[in-house]
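Nothing in this text is a laboratory measurement; each read-out follows from the coordinates by a stated rule. Because the structure is a prediction, the values reported are computed rather than measured. FYI the Cβ positions are ideal-geometry reconstructions off the backbone, even for glycines, and counts take in every protein chain you see.
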Amino acid sequence: MSLTPVRKPRPQTVLTVQSTEWLSPTMVRVIAGGPGFSELKDNDAADKYAKLLFARPELGLTPPYDLEALAAERAPDEMPVKRTYTVRWMDLEAQRLAIDFVVHGDEGIAGPWAARASPGDALVLMGPSGKWSPDPTADWYLFAGDDSALPAIGAGLEALDATARGLAFLEVDTIADVLDLVKPEGVRVTWLLRNGAAPGTTPLLPAAVAAATWPAGRVDAFVHGERGAIKALRDVLFTQRGLDRGQVSLSGYWAYGRAEDRFQAEKREPIGRILEY
């Protein structure tokens, strides 16, 4: 008889919010640190991400959360909720990190929490994980993503060599949401504006990448955002441009019309699969 190994829960780290900064009308940066930071391990990836846990304040739960015990005694809607976010940067010397949140009013869980966060609040996370960093052997670099991918793309641009060349196509709502990103001079950034259209409802991103004049040489591509747009970009990259799988970091961060929990569940279903080859 074979026994399925029991998967141990990932350890939780409890940090304390130190400050917040609005980068645009729809993006706020939360900086956190404290004694718990020493438990984190930097994996050196440019696209570091962590699972954040949010518990309803009225439940009075104290982190770190014993998820197994809580599941046995609490209703599903009383459990801490997990959300995946990019770790924008980690400062090992100062013992702090930054996470950027897209905020659309009271929509969602993480965004409203970040909008109201203040020094002293707890930030509970599992991670960081991540494995992508710019390929130093590439001739040039392609970045494409919407608001949700800006933190990861910003970190990727900062990880490039100063002499790097490339293209970046970034979709946001209005000119007020354009960020001042640190990048090599040889990387040209094109901002694509939805101008009031709902995120995930326009063809701006795949159309811009498909129509672009690409530099010569081997490209290293980092392409992330809304699932429908990413599927369209998949076809541009692999079918139209003929790239190899190893040249592309590609995934959907969210899906239009789907809550996070349903989106994550659909990753195991045909509708949620980005790569089919």
Can you tell me how many residues within segment 184-196 are outside any strand (DSSP E or B) and either closer than 16 Å to G145 by Cα or free of Cβ contacts under 8 Å to residues at least 24 places away in the same chain (or both)?
4
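So for segment 155-174 (the condition being of a type in the set (A, V, I, L, M) and farther than 30 Å from D44 by Cβ), does at least one residue qualify? Full working, then the answer.
Let us first name the residues in segment 155-174 that are of a type in the set (A, V, I, L, M), namely 155, 157, 159-160, 162, 164, 167-168, 170, 172.
Add one more test, that the residue is farther than 30 Å from D44 by Cβ, and what stays is none.
No, segment 155-174 has no match at all.
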Could you list all residues from segment 79-98 that are within 15 Å of the chain's Cα centre (by Cα), more than 22 Å from P64 (Cα to Cα) and either basic (K, R) or part of a loop (DSSP other than H, G, I, E, B) (or both)?
R88
Single condition A221 does not satisfy, out of (1) closer than 15 Å to E171 by Cα; (2) buried (at least 17 other Cβ atoms within 10 Å of the Cβ); (3) not β-branched (V, I, T)
(1)
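A quick yes/no check of all residues on (1) touching a residue at least 60 places away in the same chain (Cβ under 8 Å); (2) farther than 25 Å from L204 by Cβ:
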residue	(1), (2)
Q95	yes, yes
D100	yes, no
A117	yes, yes
G127	yes, yes
D135	yes, yes
A149	yes, no
G156	yes, no
A162	no, yes
Failed item, numbered, when A152 is tested on (1) under 26 Å from D235 (Cβ atoms); (2) among the small types (G, A, S); (3) surrounded by fewer than 22 Cβ atoms within 10 Å (Cβ to Cβ):
(3)
